[in-house]
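Colleague: So that we are looking at the same thing, I have put the structure below in structure tokens.
None of the figures in this text is laboratory data; all of them are computed from the coordinates on show. It should be emphasised that the depicted structure is a prediction, and the values quoted were computed from it without experimental measurement. Note that we place each Cβ from the backbone using ideal geometry, even for glycine, and neighbour counts take in every protein chain shown.
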Amino acid sequence: MFADIRGFTPLSEKMAPNELRWLLNKFYAAASEIIIKNDGLVDKFIGDAVMALFNAPIPQPRHREVALRTAVALHGQVNALELPFGIGIGLNSGMAWTGDVGADEVKDYTAIGDTVNVASRLAGLARPGEIMAGEFTPEGLLPPDYGFERMSLEVKGREQAIEACRIYPQSR
């Protein structure tokens with residue numbers, strides 16, 4: 001899962017760095033709390049985004065459902081905190097390599113592979129309040145106030161289109 005702030009560049013242009021750091025930390029704290037509560041792993045903060053893993057390093061039989069529930073809760077929390085931005089979330093499920101990458105001096109546990117790259121690209125396509133999920137069937141998993149539409153998408157850097165699902169609040 002990638003959760004990426006929308007409109008961060010114009011926001012950072014208008015805010016003092018210490019105010020921007022305060023906002024980022026508020027977002028990171030909310031995201032971390034929800035991810036951990038749902039047995040996810042906060043992999044890293046990447047600029048104005050959060051990367052989280054489900055089903056690694058501990059297997060989760062219902063990881064897709066848990067990741068979707070986490071994404072919906074995170075949108076709700078960002079709204080409840082009345083932050084001056086929305087977030088777009090990308091979810092994808094599939095094979096990935098997990099473990100330490102880096103050099104002898106600096107290592108970082110993470111996930112890598114096409115599945116992870118697609119999740120990142122999907123986050124980039126999600127509008128504020130939306131979840132873009134690759135090859136995911138949300139039927140029966142979404143709150144009643146959410147809808148979805150299936151689509152085939154071209155994503156940057158990939159030769160083949162992917163099947164995806166745009167998940168959004170019905171009130172948009």
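Colleague: In a shell of Cβ-Cβ distance under 13 Å around LEU81, excluding LEU81 itself, what net charge do Lys and Arg (+1) and Asp and Glu (-1) give?
Modeller: Net charge around LEU81: -1.
Colleague: Considering lysine pairs in the chain that are 8 or more places apart or on different chains, how many have Cα atoms under 29 Å apart?
Modeller: Lysine pairs satisfying the spacing and distance rule in the chain number 9.
Colleague: Okay, next question. Looking at segment 23-69, which trypsin sites (Lys or Arg not before Pro) are DSSP coil and have at most 16 other C-beta atoms within 10 Å of their C-beta?
Modeller: ARG62
Colleague: For the chain, modelled as a GNM with alpha-carbon contacts under 10 angstrom, which of ALA67, ALA111, ALA16 fluctuates the most?
Modeller: Highest fluctuation among the options: ALA16.
Colleague: With Cβ to Cβ distances under 13 Å as the rule, what net charge do the other residues near VAL42 carry (K, R +1; D, E -1)?
Modeller: -2
Colleague: Still on this model: If I build a Gaussian network model for the chain, linking alpha-carbon pairs within less than 10 angstrom, which residue out of ILE131, ILE162, ILE89 has the largest mean-square fluctuation?
Modeller: ILE162
Colleague: Let me ask something else. Please order MET15, MET132 by the number of other Cβ within 10 Å, starting at the fewest.
Modeller: MET15, MET132
Colleague: Next question. Given H placed on each backbone N at 1.01 Å, which residues far from GLY86 in sequence or on other chains put an amide H within less than 5 Å of it?
Modeller: ARG6
Colleague: Can I ask one more? So how strong a dipole does the chain carry about its Cα centre when Lys and Arg Cβ are +1 and Asp and Glu Cβ are -1, to the nearest 20 debye?
Modeller: Its charge dipole is roughly 360 debye.
Colleague: Here is a further query. Please turn the phi angles of segment 57-62 into ³J(HN,Hα) values with the Karplus equation 6.51 cos²θ - 1.76 cosθ + 1.60 (θ = phi - 60°), one per residue in order, whole Hz, x for glycine and proline.
Modeller: x, 9, x, 10, x, 10
Colleague: Give the order of GLU13, GLU159, GLU33 when sorted by the count of other beta carbons within 10 angstrom, beginning with the fewest.
Modeller: The most exposed by this proxy come first: GLU159, GLU13, GLU33.
Colleague: Can you give me the span-like helices of the chain, meaning DSSP H runs with 18 Å or more of Cα extent along the axis and Kyte-Doolittle mean at or above 0.0?
Modeller: Correct list, ordered by number: 17-37, 63-80.
Colleague: Any idea what the relative contact order of the chain is, in percent, if you count C-alpha pairs under 8 Å spaced at least 6 apart?
Modeller: Worked out over the chain, it gives 21 percent.
Colleague: I've got another one for you. No solvent, one uniform scatterer per C-alpha: report log10 I(q)/I(0) for segment 2-169 via the Debye equation at q = 0.09, 0.11, 0.14 1/Å, two decimals.
Modeller: Per q value, in the given order, log10 I(q)/I(0) is -0.30, -0.44, -0.73.
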